[in-house]
Every structure is written in C-alpha cells, then in structure tokens.
Ligand code: BES
Ligand code: ZN
Ligand code: ZN
C-alpha cells in the first residue's frame, strides 16, 4: 500500500499518534494522565523499552524514545528503523493512519521516522491470490512539527516513490521483465516524472557496434535494448552533464558458465543497477532538480542457446577494444563497457555506474553497503560518501592500485573479462576503467540490491538501493 504523507498543524486526541521524545521529556511534556505517566516511566526505566503503546480504545497513543547517537546519520537511521517497527505494529492492528508528533522539535527525526514507515510498508503483491493477498492497511502518515515544511515532505514522498519504482522493477519476474518490457516501464516512469527516454533497438545497437551487449544477448530469444534517459532543465547548474550508467541484465543464468546450486535463483535482481538509475532519474525529474542528468541502461538477459557466446570467444567493444571472454558469467562488465564508451560523447562532469557486478562485492561487505571505486577527485568522493551516510546506503571504497591491472591482461586480446582468484570486485572495476576517459565512480551493489532475509525498512527482495543516495547527492548539487 502506498502511503501519503501530510503536514498537520494540530494533533487530534481521537486518532493514532506517536510522540517522538527523549529520556528527559518522555514523562513531562506529553499529554498523558498520571497513571499513564507512571506506567511509561516504569517501561522506560525498569524495562528499558523504547516504544511504548497506550490503548485508548478508539485509538492508540505511542511514545518513541529516540535513541541517543553520536552522529546525526546514525540517529536518523535509528529513527527509520523505529518507523519500520511501528509500521508493522499498526498493520498488525489494521490501522490506516498515524500522526507523528515531533516533541523533540527536530524535523529530521520526524522525516526519517516517516521514511522508515513508508518504505517498510512496501509490498510486492503482484502474484498473490486475492484471498492470501493481505495488503497493509496503513496508508496515511501525518507529521506534526514546526521544523518540517511541505517542500521537505514533497521531496520525501518523491524519494519514496522512486525507491518503490526501483523495487517493483527488481521484483518483477524474468518471464515478464524482458529487456523490451524494462524499456516500456522506463517509458511509463519517464512520462510520470518528466524525463525523456530514447530506446535503441537491436539494429541501432548493431550500427553502434556495441559488441559487449550484442555478445551477451546472443543466447537470448529476446532482443537487447539500450536506453538513454535524460532530464535537462533550462536552468541546470551544470554545463557538462552527469551520467548514470546501470547494469540491466534482466536475468543472469551465467550463460555457458552456468550458475549452479543457489546462485541463479535471485538473478532477476541483476538489473538492479538499471532500476536504481531509472528510480534516480524519476526522483530528479519529479523534484525538478536544477541539474542535467543522463541515464544509460544497456539491457539484455544472459542465457544458453546454440548461438550463445562461449568462454574462449574474443569480442570487440564499441571503442574497438578487444576482450577475451574467459567466463560467460562475467557478462555485466561487457555490457557496461559499451555504455561507458557511449558516455564519452557527452564529455561528462562525472559518470557513476551502478551494477550488481560481483559475488566478490557481496563477500567483501555483505548487504550493508556499496563497494565503491573510481577516478573521481577526493571532493566528489567525499560528497558521495556523505550522501551515502545521510541515507544509510554507505560507500566502502576499495583500493584501485595499478597492480590490479596486470590481472586482466589477455594473451590474445587487449584484456580478458576475469581476473585472478582474489580482489574480484576490484578487477571488475579495473576492467571497466578501460572504457572511461572522464571522472568516474563504480558502485558494485551486488550485496544490498536484493535481500533474501528481511532487513528493517529495506524489506525482503529488491531494496531500491542507490536511488536515495543519488537523489541526496543531486539535491545538494541542485541547491
Ligand atoms: N550478476 C553476477 C554477480 C552477482 C552475484 C550479483 C551475487 C548479485 C549477487 C555477475 O554477473 C557474476 O556472475 N559475476 C561473477 C564474475 C566472475 C565469473 C568473475 C561472480 O562474481 O562470480
Ligand atoms: Zn554473471
Ligand atoms: Zn550478472
């Protein structure tokens, strides 16, 4: 159920509410009776409870003691998580709305709490039958705070909508979400938000000699697409565009280096980078940010067929560079190579690619963050890291030493598509570096893009990872 968020100037004493407070004001300023206050005090002091609920029969009043944290971004993350807990509780009670009361007079806390609630309320119910569907009842959040204005609420709603759009794309099933369908979904979202989309079909991709995308697509019954998304406002702050590149492997079987065991079952998520770029463009356009941004999404599945590419093939990327394919499961870098070459024609300010690229990135940081590397300057990297912290999609920067370049040299072509047994996330990044001639960052989101076990407001399945980070980053540039 989608949630609408509103600013209210009064708190009804007949409706559900949640008071955000701290240890000091919990029992003083709030509208509770003496008996209730005694109960609250006991719960907080003796039982160390942070969330206390009082049943007033027609409605409930909750009290959330906001945890003390040393840094703002940790505090905000704890608010999002608390919001997710309350969300589950209200849905369990079949409640439809709640008012967040910002007793601490800290707008950011109230917004983060609402964010956690709204994101936790997400469900992917497409394939549930009517009788077991059980959609969440919660559909409205009110915020009562002097520190929160309608502009901030609007931006929050846009960020949530972009994240949900990306989650829906990732969660859609492989038989449905072909490359062509993925492009159609981008068109729909572009119309809704205001960004434009240019879809290159197979013949155009052939004329551009995108040998990486075409090689991966050879085993497929479905044609590839190459998608150019653009948001170009008249008063853009930047002369040179920012370019976002997203891996759009709509399903990754591994190809002839087929994934065995549990490797394949989650591979509908292999277009999560493309989904994040789509979601980011959605937020940027919908919020009408003053920044010129282009999204590039090469899309195909990676499958087995008599015509499929095999280990041992040598292919040529659109800039003429030859690649020895030694593993058909390292396909993401091949299609990204063509997209990164295409980005060169824009002479971009910065390019960021997002991809579920390597199992090595999962091994390195698990689901807790993004494995990042690249050639952007320190100032840009720091801004990105700051945005990552703000929204808690954190960046873990890897070394990018030239020694790693040795690991992908090929005997018969310029480079090969796999490195050695270690530093797999870095050698994948090093591969991509061969196709960039501009400031660039590579975000490997293989760890957090798709979760098999629930993680608070991120839920299970597609998380929409990357959308909130990019929206935060571009908001700062736009302002
Ligand atoms: N799509 C996978 C990476 C992946 C793994 C994404 C786990 C999400 C979760 C990618 O195409 C892949 O298979 N990479 C190989 C590369 C290897 C053959 C060099 C890998 O990481 O095992
Ligand atoms: Zn693969
Ligand atoms: Zn893949």
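The numbers here are math on the coordinates, done by the rules we state, and not lab data. Worth saying up front: this structure is predicted, and the values here are computed from it rather than measured. A quick note on method: Cβ atoms are made from the backbone with ideal geometry, for glycine too, and the neighbour counts reach across all protein chains shown.
Over the chain, calculate the relative contact order: mean separation of alpha carbon pairs under 8 Å at least 6 apart, over the residue count, as a percent. It comes to 16 percent, rounded to a whole number.
How big, in percent, is the set of alpha carbon pairs in region 4-148 lying more than 26 Å apart? So the pairs more than 26 Å apart make up 23 percent of the total in region 4-148. Taking every DSSP bridge with both residues inside the chain, close to 40 percent are antiparallel.
For the chain, the longest principal axis of the alpha carbon atoms and the long axis of helix 179-193 meet at an angle near 50°.
For the chain, the longest principal axis of the C-alpha atoms and the axis of helix 272-286 are separated by about 60°. Relative to the longest principal axis of the Cα atoms of the chain, helix 107-120 runs at roughly 60 degrees. With helices as the sole contributors, the chain gives -11000 deg cm²/dmol at 222 nm; each DSSP H run of n ≥ 4 counts as -39500 (n - 2.57), and the sum is divided by every residue.
Would you work out if region 380-479 is rounded, prolate or oblate? Take a ≥ b ≥ c from the square roots of the eigenvalues of the alpha-carbon gyration tensor; rounded if a/c is under 1.5, else prolate when a/b is larger than b/c, oblate otherwise. The shape class here is oblate. With neighbours defined as other Cβ atoms within 10 Å of a residue's Cβ, the residues 196, 173, 278 order from fewest to most as 173, 196, 278. Here the translational diffusion coefficient of region 238-344 follows from Stokes-Einstein with Rh set to the Kirkwood radius across Cα pairs; for 20 °C and 1.002 mPa s it amounts to 141 µm²/s. With R₀ set to 35 Å, the beta-carbon distance separating residue 11 from residue 191 gives a calculated FRET efficiency near 0.35.
Counting beta carbons within 10 Å around each of 51, 244 and listing the fewest first gives the order 51, 244.
Rounded if a/c is under 1.5, else prolate if a/b is larger than b/c, else oblate: which is region 158-478, with a ≥ b ≥ c the root eigenvalues of its Cα gyration tensor? Rounded.
As a proxy for reagent exposure, ranking 133, 333 by other Cβ atoms within 10 Å from fewest up yields 133, 333.
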